[in-house]
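Asker: First the structure, then my questions, so here it is.
Values in this text are rule-based calculations from the coordinates and carry no lab data. The model shown is predicted, which means the values in this text are computed figures rather than measured ones. Every residue, glycine among them, receives a Cβ derived from its backbone with ideal geometry; neighbour counts consider all protein chains shown.
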Amino acid sequence: MKPVIPNFLLVGAAKCGTSSMDRYLSMHPDIYIPPKKEAHFFATPDFPRYFTGPGDDGMNEYTLRTWTDYLKLFDASHTEKVVGESSVFYLYYPGTAKRIVNRLPDAKVLILLRNPVHRAYSAYMHLIRDGRETLSFAAALKAEPDRKKQGYEPMWLYRELGLYSEQVNRYFSVFGRERVHVVLFEEFTRQPQSAMQEVFRFLGVDDKIQVDVSLHMNESGIPKSQGLYNFISQPNFLKEWIKPLFPAGLRERLGLRAKSMVLRKEALDTELAQELQAYYAPDVDRLEGVLNRPLNLWR
């Protein structure tokens, strides 16, 4: 049987709503998204042999490094018009766009962007949530250059991942603007159904399909109890035992609600936010030129 070749990719950025977007796309009957997110196949030539940060084993173990393994992601696809996958670090690594177009010359690309100050802090809270980050946000920002040299995975690069202008411009240059669709997180979360209709039109599927945009995936925050959060979020015997008792949709909804209930939100320090705002301002100016649209909602 001829393998199914993907024809679109959601390339990032991390902590900009990609998990929710991935889930909503999977609800459309004409779109196939594999259950595995973050294959990162096209970025692996830029990866070190091993990522060395705390908890980076997932990136080392589950990234797909061969074309054969990558194509197996799409074995369950049959009649869907659109087939694709999501890997948030495709946007960050410089050689990825060209590798994608070489393998998938007709693919379309979807990019999500978020106020880079908020994105950086959300990434920090993500690693706090998972028990991997132990420094304060200010200390972690100072440690970023050393962590990069030591080979930490990109999620630890809180500041650097938010420098979007060059990252987005690479995809425009390689794919052409007509094959790249950029969604702003702030607009996506404010009017998710409208944002999904635009994405469906971009991908060439029925934009009248309504998907359940009430599900909020992969929230960041500080666990009120690390043990309880780990129990809810990770596989365990009890969850496997009760799984047959609940429909899959209800299980997902209950699991997301339970995780959200045990996470505490903590506001970013105002002075540090202003410092980051000033740091990102020149790149936001450049990004406005790349996107040919104002980004006043980030100012």
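Asker: When a/c is below 1.5 the answer is rounded, else prolate if a/b is larger than b/c, else oblate, so apply that to region 106-150 with a ≥ b ≥ c taken from the square roots of the Cα gyration tensor eigenvalues.
Answerer: Since a/c reaches 1.5 and a/b is larger than b/c, the shape of region 106-150 is classed as prolate.
Asker: What does the net charge come to around ASP146 if you take all other residues with beta carbon closer than 14 Å to its beta carbon, with K and R at +1 and D and E at -1?
Answerer: Working: positive: LYS142, ARG147, LYS148, LYS149, ARG159; negative: GLU144, GLU160.
In short, +3.
Asker: Please report the net charge: other residues with Cβ closer than 11 Å to the Cβ of PRO45, K and R +1, D and E -1. Numbers along the way, then the final one.
Answerer: Numbers: positive: ARG65, LYS98, ARG99; negative: ASP46.
Here the count lands on +2.
Asker: A further question on this structure: May I ask which residue of ILE5, ALA39, TRP67 lies farthest towards the positive end of the charge dipole of region 1-81, with charges of +1 (Lys, Arg) and -1 (Asp, Glu) on Cβ and the Cα centre as origin?
Answerer: The listed residue farthest towards the positive side: ILE5.
Asker: Quick one: net charge of TRP298's neighbours, Cβ under 11 Å, K/R +1, D/E -1? Provide the component values of the computation, followed by the final result.
Answerer: On the way: positive: ARG114, ARG119, ARG299; negative: GLU186, ASP283, ASP285, GLU288.
My count for the surroundings of TRP298 gives -1.
Asker: Still on this structure: Please get the size of the charge dipole for region 8-156, origin at its Cα centre, with Cβ charges of +1 on Lys and Arg and -1 on Asp and Glu, quoted in debye to the nearest 20.
Answerer: Details: 20 positive and 17 negative charges, 76 e Å.
I would put it at about 360 debye.
Asker: Would you kindly derive the ³J(HN,Hα) couplings of region 139-154 from the backbone phi angles with the Karplus curve 6.51 cos²θ - 1.76 cosθ + 1.60 (θ = phi - 60°), listing them in order in whole Hz, with x for Gly and Pro?
Answerer: 5, 5, 5, 5, 7, 4, x, 5, 5, 5, 4, 7, x, 5, 5, x
Asker: Still on this structure, please answer the following. Measure up LYS81/LYS265; LYS2/LYS36; LYS2/LYS98; LYS15/LYS208; LYS15/LYS142; LYS72/LYS265 against 29 Å on the Cα-Cα distance and list the ones that go over.
Answerer: Details: LYS81/LYS265 39 Å; LYS2/LYS36 21 Å; LYS2/LYS98 24 Å; LYS15/LYS208 27 Å; LYS15/LYS142 20 Å; LYS72/LYS265 38 Å.
Violating the 29 Å Cα-Cα cut-off are LYS81/LYS265; LYS72/LYS265.
Asker: How many angstrom lie between the Cα centre of region 124-199 and the Cα centre of region 77-114?
Answerer: About 16 Å separates the Cα centre of region 124-199 from the one of region 77-114.
Asker: Additional query: ³J(HN,Hα) across region 174-190 via Karplus (A = 6.51, B = -1.76, C = 1.60, θ = phi - 60°), whole Hz, x for Gly/Pro?
Answerer: Whole-Hz 3J(HN,Hα) from phi for region 174-190: 7, 9, x, 4, 5, 10, 10, 10, 10, 10, 8, 3, 5, 6, 4, 6, 6.
Asker: Still on this structure, please answer the following. Mind checking the full-extension length gain between ALA143 and ASN102? Use 0.36 nm per residue of separation minus the Cα-Cα distance, one decimal, nm.
Answerer: Details: separation 41, 0.36 × 41 = 14.76 nm, distance 3.61 nm.
Stretched fully, the ALA143-ASN102 segment lengthens by 11.2 nm.
Asker: What number does region 1-102 give for Rg over Rh if you use C-alpha atoms and the Kirkwood radius?
Answerer: On the way: Rg = 13.6 Å, Rh = 14.2 Å.
My calculation puts Rg/Rh at 0.96.
Asker: Could you give the size of the charge dipole of region 1-86 about its Cα centre, using +1 on the Cβ of each K and R and -1 on the Cβ of each D and E, expressed in debye and rounded to the nearest 20? Walk me through the numbers before you get to the answer.
Answerer: Working: 9 positive and 11 negative charges, 25 e Å.
My answer is approximately 120 debye.
Asker: With a cut-off of at most 11 other beta carbons within 10 Å, and DSSP calling the residue loop, which chymotrypsin sites (Phe, Trp or Tyr not before Pro) in region 79-179 qualify? Please list them.
Answerer: On the way: sites: PHE89, TYR90, TYR92, TYR121, TYR124, PHE137, TYR152, TRP156, TYR158, TYR164, TYR171, PHE172, PHE175; in loops: PHE89, TYR90, TYR92, TYR152, TYR158.
The qualifying sites: there are none.
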